[in-house]
Amino acid sequence: MPDAKPAATEVTTTLTPDIGGIKQVLEIKTDDVSKPVLLFLSGGPGSSMIKGADSFTNALKNRFTLVQWDQRDAGKTLKLNPSPVQPSVAQMEQDTYQVIQFLRKEFKQEKIYLLGSSWGNVLGFYIVRNHPELLHAYFASNPVVSQLESEKELLQALKVHFKDNAVASQELGSISFPFTSDESMFYLRKWLFYKDGKEFATSPAFKTGFLQWSQTWSPVWNEVMKIDLPKTLQSVDCPVYFFVGKNDIQTSTRITQEYFETLKAPKKGLFLFDHSGHQIHQDEPVKFQEAIIKTLDTTAKS
């Protein structure tokens, strides 16, 4: 009787390669380094997906070498070394390219899988546009598509929802585009979060924290507001799969669906999540992972 094959042992490793002139933190989880790399691009900007990642990757562990990256001025990378320069979209696009090149070399893989969540899609679609040859496929989760149009749609929805709330109506009524102040952007996020049941959004501490965040990130978000993919990226050269929360009003579900319909790609798919808002991986983690695996199975059969 042949010996039983030993159970695979998951290994977690933290790497800190030099990316864009600073050490940046990559957390690797795998039971076999020959499995294809799946790199997550977290939202924000300035957020981290590392904490709690097990809850939305536990079913992916036997299919991928999973990589979580704390971007410049976010999470563990910020603790290790703050960015010596004001972050910009261009700088972080280059960081993303360097991270992918590092992973290809480290794991001896020609291509990787890439997933962007919210803001992470700013970086992800940069790679899709400029370096599609590096990707097996791209997963766009609640992506930034036409952000100025999306913010305008969000403002109108909140004005209707809070029409009987005098404070909300006054603050929302003071907003104009592009944002004229960090406080203007704060009002929009405050009432969005409050509508989503996050009562802390009306607290002084939340305002203080938001305005601290905006000191670093509002210049970046003003760049993001200019993104309009239906005009600037009408075809791509790698498979693209969109994950859309039906209840997402932060990055408009309507705008994303319309963009999907017109986008030309060698292979594309749209997965709608009925019980999700802007954070699909948190709202429906099982279905989120099933959708990723389904694209692999489809590709294998084609």
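Checked against the criterion of being among the β-branched types (Val, Ile, Thr) and farther than 24 Å from Leu296 by Cα, the candidates Val99, Val128, Val145 yield just one match: Val145.
Report yes if Thr16 is modelled with pLDDT under 95 and not small (Gly, Ala, Ser), otherwise no. Here the answer is no, as Thr16 does not meet what is asked. Whenever a residue of the range 162-184 is in contact (Cβ under 8 Å) with a residue 24 or more places away in the chain, its partners that are among the charged types (D, E, K, R) and assigned to a helix (DSSP H, G or I), lying with C-beta atoms within less than 8 angstrom and at least six residues away or across chains, give the pairs Phe162/Lys195; Phe177/Glu151; Phe177/Lys152.
Looking at Phe186, is it modelled with pLDDT of 95 or more and surrounded by 16 or more Cβ atoms within 10 Å (Cβ to Cβ)? So Phe186 fits the description; yes. Output yes when any residue across the range 99-107 is buried (at least 22 other Cβ atoms within 10 Å of the Cβ) and within 23 Å of Trp213 (Cβ to Cβ), and no when none is. Within the range 99-107, one or more residues are buried (at least 22 other Cβ atoms within 10 Å of the Cβ) and within 23 Å of Trp213 (Cβ to Cβ).
Return the residue satisfying two criteria in turn: it lies in the range 56-85 and is outside any loop (DSSP other than H, G, I, E, B) and more than 20 Å from the chain's Cα centre (by Cα), and of such residues it is surrounded by the fewest Cβ atoms within 10 Å (Cβ to Cβ). So the residue we want is Lys79. Per the listing Asp248, Asp237, the residue uniquely assigned to a loop (DSSP other than H, G, I, E, B), in contact (Cβ under 8 Å) with a residue 60 or more places away in the chain and either over 30 Å from Leu78 (Cβ atoms) or among the small types (Gly, Ala, Ser) (or both) is Asp237. The single condition from (1) of a type in the set (A, V, I, L, M, F, W, C); (2) over 19 Å from Val144 (Cα atoms); (3) in contact (Cβ under 8 Å) with a residue 12 or more places away in the chain that Ala205 fails is (3). Does Leu103 satisfy the criteria of being under 20 Å from the mean Cα position of the chain (by Cα), more than 22 Å from Lys226 (Cα to Cα) and free of Cβ contacts under 8 Å to residues at least 40 places away in the same chain? Criteria not met by Leu103.
Considering Ser146, Ser118, Ser141, which residue is touching a strand residue (DSSP E or B) at 6+ places or on another chain (Cβ under 8 Å), at pLDDT 95 or above, at positive phi and not acidic (Asp, Glu)? Of Ser146, Ser118, Ser141, the one residue that is touching a strand residue (DSSP E or B) at 6+ places or on another chain (Cβ under 8 Å), at pLDDT 95 or above, at positive phi and not acidic (Asp, Glu) is Ser118.
Residue-wise test of (1) surrounded by 14 or more Cβ atoms within 10 Å (Cβ to Cβ); (2) within 16 Å of the chain's Cα centre (by Cα); (3) in a strand (DSSP E or B); (4) outside the structural domain of Gly120 (by TED's automatic domain parsing).
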| position | (1), (2), (3), (4) |
| --- | --- |
| Phe243 | yes, yes, yes, no |
| Glu261 | no, no, no, no |
| His278 | yes, yes, no, no |
| Leu296 | yes, no, no, no |
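Scanning the range 119-164 for residues that are surrounded by fewer than 24 Cβ atoms within 10 Å (Cβ to Cβ) and in a loop (DSSP other than H, G, I, E, B) returns His131, Phe162, Lys163, Asp164.
The values are calculated or read from the model by the stated rules, or taken from the named source; none is laboratory data. Given the structure is predicted, the values throughout are model-derived calculations rather than measurements. All Cβ positions, even for glycine, are placed from backbone atoms using ideal geometry, and neighbour counts span all protein chains on display.
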